[in-house]
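Read through the structure below, which is laid out as structure tokens, and then see the notes.
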Amino acid sequence: MKNRKILLSEQEIPEKWYNIVHDMPNKPLPPLHPGTKEPIGPEALAPLFPMELIKQEVTTEKWVDIPEEVRDVYKLWRPTPMFRAYGLEAALDTPAKIYYKYEGVSPSGSHKPNTAVAQAYYSKQEGVRRITTETGAGQWGSALSFACQHFGIECEVYMVKISYEQKPYRKVMMNTWGATVHASPSNLTEAGRKILAEDPDSPGSLGIAISEAVERAASDEKTKYALGSVLNHVLMHQTVIGLEAVKQMEKAGDMPDIVVAPFGGGSNFAGISFPFLRLNLEEGRNIRCIAAEPSSCPKLTRGVFRYDFGDAVGMTPLLPMYTLGHTFVPAPIHAGGLRYHGAGVVVSQLLRDKLIEARAHDQVECFEAGVLFARAEGIIPAPETNHAIATAIQEANKCKEEGVSRTILIHLCGHGNFDLAAYENYLSGKLVKHEITSEQIAAALAKIDTPVID
Ligand SMILES: *Cc1c(COP(=O)(O)O)cnc(C)c1O
């Protein structure tokens, strides 16, 4: 009988996170102060983040110990399974060998608890009483609610109002884990009140929700702020995924030629791919790592590499990143987790140095891929995850055309059981293609006047 599942034991949960910055040929450029545009040091972040996370944000140490308490919580769902996708291979009639690493088995259904648990743990160690955050589609808010509940910390989530109204179940999930959820813009903050005064019916945005969560954290010493993507320490926490995946591929007696993952701010892509990139950097291997993004928010494939703000308002430090401009508002596609204007600093530098690749897909193509996957493998993927499946299908079809076999590893970073409204839309033929013109991209970039690089 063929093995479908490749499993590890609890003892094989990694003991250290991998920090790729140590091995990067070109280190990331420093963040700049939003006002003076001078480089800033880690101390500028102290009002918002616990000290240990700030240290991790700037460290160049290759390995960082995972605290025993964090590994203990990881045991609730880690190590996560890897599967050989025999069903998908048959459906595509491809000579390619396809595997997927599945993070949907976590309590909140995606990779996000890997960092949420670590962030809540360090906050607890440093006497933090409350953590604020923003959430769009609700994946990050639910992961952090779960983690805060575990360590006995209050969690306050600012959820973009339109999602709050359209996706009630994610909110109920957060409430079930004891979190307080506010529709953003709210009247609890200056930022929210200002927006509401101008537009009482504002549907909200991730940028506004970030402003509200940051303001709350900055105004109370015992309250900190947490981010679910983009930052170096978040990407590093996610490397538990790839470290397990390397061991699982070895166990299967195989190694991927291609690793694919969806891309929002870069955390799940980093998580699966950095431990494989390490093999490229250390041993001169040639594993291709491809980030899959939506064609309606194509910062990696059509954006520019320059300094830009992390939020829509322009309050955060300026970061060197691939961006479409911080005021860019993507079309309301269903992959809510990928509707972000910029990419994390480390992944941006790796792309610039051509150590990773990127590809964009339209949402109709992505749902075709997701439904094919669900019918072949059973799991209904998150709409974000469908982007990676679309890339993998292209690569598998190329193998068929060329008559060669390659090994493809897909990051199945979340399930879509709370996203069935999106699937209903697709299945009833209502989903539309979102093309973005070069003029629209140029117009978005013309609106920003942040420092250019080179
Ligand atoms: C949040 C999320 C993403 C996008 O964020 P990254 O930081 O790029 O990983 C992708 N997929 C799922 C399932 C998510 O929850």
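Descriptive notes on the structure:
- Ordering 51-60, 309-318 by mean Cβ neighbour count within 10 Å, with the highest value first, yields 309-318, 51-60.
- Mean separation of Cα contacts under 8 Å (6+ apart) over length of the chain, as relative contact order %: 19
- Antiparallel DSSP beta bridges within the chain, as percent of all bridges there, nearest 5: 40
- Whole-number D in µm² s⁻¹ for region 206-321, Kirkwood Cα-pair radius fed into Stokes-Einstein, 25 °C, 0.890 mPa s: 150
- Proximal lysines relative to LYS398, as straight alpha-carbon distance under 18 Å, when same-chain residues fewer than 8 apart are discounted: LYS97
- For region 409-430, the residues whose amide N sits under 13 Å from a probe point set 7 Å from the Cα of THR176 along the beta carbon direction are 417-418.
- Violating pairs (Cα-Cα greater than 28 angstrom) within the set LYS112/LYS247; LYS62/LYS222; LYS251/LYS299; LYS251/LYS400: LYS62/LYS222; LYS251/LYS299
- Distance between the C-alpha centres of region 401-434 and region 194-217: 32 Å, rounded to the whole angstrom.
- Cα-based equivalent ellipsoid, region 1-49: semi-axes from gyration tensor eigenvalues, Å: 41, 15, 11
- Values of log10 I(q)/I(0) for region 140-253 across q = 0.14, 0.21 Å⁻¹ run -0.66, -1.18, by the Debye formula with one identical scatterer at each alpha carbon and no solvent.
- The eigenvalues of the Cα gyration tensor, multiplied by 5 and square-rooted, give region 100-194 an equivalent ellipsoid with semi-axes of 22, 18, 10 Å from largest to smallest.
- Highest mean packing comes first when the peptides 215-224, 96-105 are listed by Cβ atoms within 10 Å, giving 96-105, 215-224.
- The modelled label-to-label distance for the pair LYS398/LEU420, using points 7 Å beyond Cα in the direction of Cβ, is 3.7 nm.
- Hits among lysines - C-alpha to C-alpha of LYS161 under 18 Å, sequence gap 8 or more where chains match: LYS171, LYS194
- Taking a point 7 Å from the Cα of ARG4 along the Cα-to-Cβ direction, the residues of region 74-89 with backbone N closer than 15 Å to it are 81-89.
- 14 Å tail of the calculated P(r), region 32-98, as % of Cα pairs: 76
- Peptide packing: for 323-336, 22-35, the average count of neighbouring Cβ atoms within 10 Å per residue gives the ranking 323-336, 22-35, highest mean first.
- Helical mean residue ellipticity (222 nm; -39500 (n - 2.57) per DSSP H run of 4+; nearest 500) of the chain: -12000 deg cm²/dmol
- Projecting the Cα positions of VAL364, SER273, MET315 onto the charge dipole of region 251-368 (unit charges on Cβ atoms of Lys, Arg, Asp and Glu, taken about the Cα centre) puts MET315 furthest along the positive direction.
- Region 164-193 versus region 244-270: alpha-carbon centroid distance in Å: 34
- For region 228-384, alpha-carbon Rg and Dmax in angstrom: 15.8, 50
- Solvent-accessible area per residue in region 227-349 equals 25 Å², computed with a 1.4 angstrom probe and all protein chains kept.
- The Rg/Rh ratio for the chain is 0.94, where Rg is the radius of gyration of the alpha carbons and Rh is the Kirkwood radius.
- With eigenvalues of the C-alpha gyration tensor scaled by 5 and rooted, region 1-146, Å: 34, 20, 17
- Share, in percent, of DSSP beta bridges within region 219-323 that are antiparallel, nearest 5: 55
- Cysteines in the chain lacking a second Cys C-beta under 4.7 Å: CYS289, CYS297, CYS366, CYS399, CYS413
- Every pair of different Cα atoms in region 263-325 enters the Kirkwood calculation, which places the hydrodynamic radius at 13.4 Å.
- Counting only heavy atoms of the protein chains and using a 1.4 Å probe, CYS155 has close to 10 Å² of accessible surface.
The values are calculated or read from the model by the stated rules, or taken from the named source; none is laboratory data. Computed from a predicted model, the values in this text were never measured in an experiment. No Cβ is skipped: glycine too gets one built from the backbone with ideal geometry, and neighbour counts run over all protein chains shown. The protein model used for the area step is the full one, side chains on, heavy atoms only, and it has no ligands, DNA or RNA in it. Shrake-Rupley method; radii C 1.70, N 1.55, O 1.52, S 1.80 Å.
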